[in-house]
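All remarks here apply to the structure that follows.
The values are calculated or read from the model by the stated rules, or taken from the named source; none is laboratory data. Note that the coordinates shown come from a computational prediction; the quantities given were computed from them, not determined experimentally. Glycine also receives a Cβ, built like all others from the backbone with ideal geometry; neighbour counts cover every protein chain displayed. Remember, those area values only see protein heavy atoms, side chains included, never the ligands or the DNA or RNA. Shrake-Rupley method; radii C 1.70, N 1.55, O 1.52, S 1.80 Å.
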Amino acid sequence: MSKIAFIGLGHMGLPMARNLLKAGHDLRVYDLVQAAIDELAAEGAKPARDARDAVSGTQVVITMLPASKHVEGLLLGDGGLLASIAPSSLLLECSTIAPESARKVHAAAKARGIELLDAPVSGGTAGAAAGTLTFMVGGEAAALEKARPVFEAMGKNIFHAGPDGAGQVAKVCNNQLLAVQMIGTAESMALGVANGLDPAILAEIMRQSSGGNWVLERYNPWPGVMPNAPASRDYDGGFMAELMTKDLGLAQETAQHSLSSTPMGALALQLYRLLLKQGKGKKDFSVVQKLFTE
Ligand code: NAD
């Protein structure tokens with residue numbers, strides 16, 4: 001079993017770290033929030049005093065932080081953590097960050113002889129707890145093979161998306177498409193109901209017809225259509241609208257970089273920003289339904 005450092009024990013990181021403990025890995029944990037460290041220490045992880053203490057003596061380092069600035073702030077620059085990670089270690093950077101930022105960290109890691117993989121995840125907090133996350137991995141295929149047992153303790157599908165930064169590109173493409181599907185589904189649900197249709201009947205007709213999509217299969221935004229969907233519990237739990245807004249912003253940045261035209265993604269971002277202005281950022285992203293009904 002590997003000696004692993006896990007840094008960033010938030011909504012996602014904590015359950016991911018717990019699954020590594022369950023798989024028998026020797027885990028050192030660190031977060032800015034002491035309570036998160038204490039929770040995992042009570043379950044057998046070694047608490048670290050700071051990030052440098054966490055990586056000392058480990059062969060694998062995992063980071064799960066909010067955004068690009070946190071990842072760059074922790075790893076790069078004078079006194080950055082990369083300088084404290086042993087050369088030939090594996091660094092699995094699992095946060096969702098800008099592909100450009102990921103490439104910057106890749107270059108700095110290479111210069112130190114550290115094998116970095118950008119490995120953002122899909123599957124949310126439920127997938128993190130169940131150990132069924134999807135990892136979208138960018139970097140060297142050989143490094144991915146070394147890291148595979150570690151990923152497999154936390155996830156079910158592990159994809160090699162391509163070279164450095166490709167994992168982050170795959171992640172923004174997927175989430176942009178998800179947002180567009182969610183908004184389109186919400187708009188059609190509202191149109192049908194406003195014209196006299198029963199929402200459950202409309203949802204089933206569209207699900208089995210050419211408009212069928214993942215949102216209609218698993219995550220209907222109309223309250224009551226799917227008892228287990230966030231829409232049926234006042235949009236609590238699930239994937240917060242503010243995180244979707246962040247990911248749509250990353251998609252736009254990525255599009256700017258490649259001069260790609262992404263009008264649907266741009267519109268989706270504008271609609272999600274409106275939701276945030278209305279104070280709905282902490283609700284599940286299917287709360288976009290309310291833009292068409294309130
Ligand atoms: P979170 O805010 O709950 O957790 C981030 C943790 O990082 C916090 O506990 C924070 O204290 C810690 N942290 C920040 N800077 C640190 C530092 N310098 N040193 C140590 N710890 C530090 O976020 P989350 O929901 O766990 O998401 C983590 C990443 O995963 C984000 O990039 C997010 O976009 C992505 N993601 C989230 C979900 C989800 O459903 N929550 C799904 C897929 C991907």
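Filtered by the rule that a residue be crowded, with 18+ Cβ neighbours inside 10 Å and within 16 Å of the ligand (Cβ to nearest atom), the stretch 216-239 gives 219, 229, 230, 235, 238, 239. Among the residues of the stretch 1-52, the ones that are of a type in the set (Phe, Trp, Tyr) and near the ligand (Cβ under 8 Å from one of its atoms) come to 1 in all. The residue pairs whose first member lies in the stretch 226-252 and is more than 18 Å from residue 291 (Cα to Cα), whose second member is part of a helix (DSSP H, G or I) and open to solvent by 20 Å² or more (accessible area, probe 1.4 Å), and whose beta carbons are closer than 6 Å, counting only pairs six or more residues apart or on different chains, are 251/176.
If you scan the stretch 62-98, which residues turn out to be in a helix (DSSP H, G or I) and farther than 24 Å from residue 255 by Cβ?
73, 74, 75, 81, 82, 83, 84
Of all the residues in the stretch 53-70, those that are of a type in the set (D, E, K, R) and either in contact with a strand residue (DSSP E or B) (Cβ under 8 Å, 6 or more places away or on another chain) or away from the ligand (no atom under 11 Å from the Cβ) (or both) number 1.
Of the residues making up the stretch 57-79, those that are within 23 Å of residue 148 (Cα to Cα) and touching a residue at least 40 places away in the same chain (Cβ under 8 Å) are 57, 58, 59, 60, 61, 62, 63, 64, 65.
Residues that are part of a loop (DSSP other than H, G, I, E, B), hydrophobic (A, V, I, L, M, F, W, C) and modelled with pLDDT under 95: does the stretch 238-261 have at least one? Among the residues of the stretch 238-261, at least one is part of a loop (DSSP other than H, G, I, E, B), hydrophobic (A, V, I, L, M, F, W, C) and modelled with pLDDT under 95, which makes the answer yes.
Yes or no, residue by residue, for (1) small (Gly, Ala, Ser); (2) within 24 Å of residue 127 (Cβ to Cβ):
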| position | (1), (2) |
| --- | --- |
| 202 | no, no |
| 238 | yes, yes |
| 250 | no, yes |
| 264 | no, no |
| 285 | no, yes |
| 291 | no, no |
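For the stretch 240-282, a residue qualifies if it is charged (D, E, K, R), under 21 Å from the mean Cα position of the chain (by Cα) and open to solvent by 50 Å² or more (accessible area, probe 1.4 Å), and the qualifying residues are 242, 246, 253, 273, 282.
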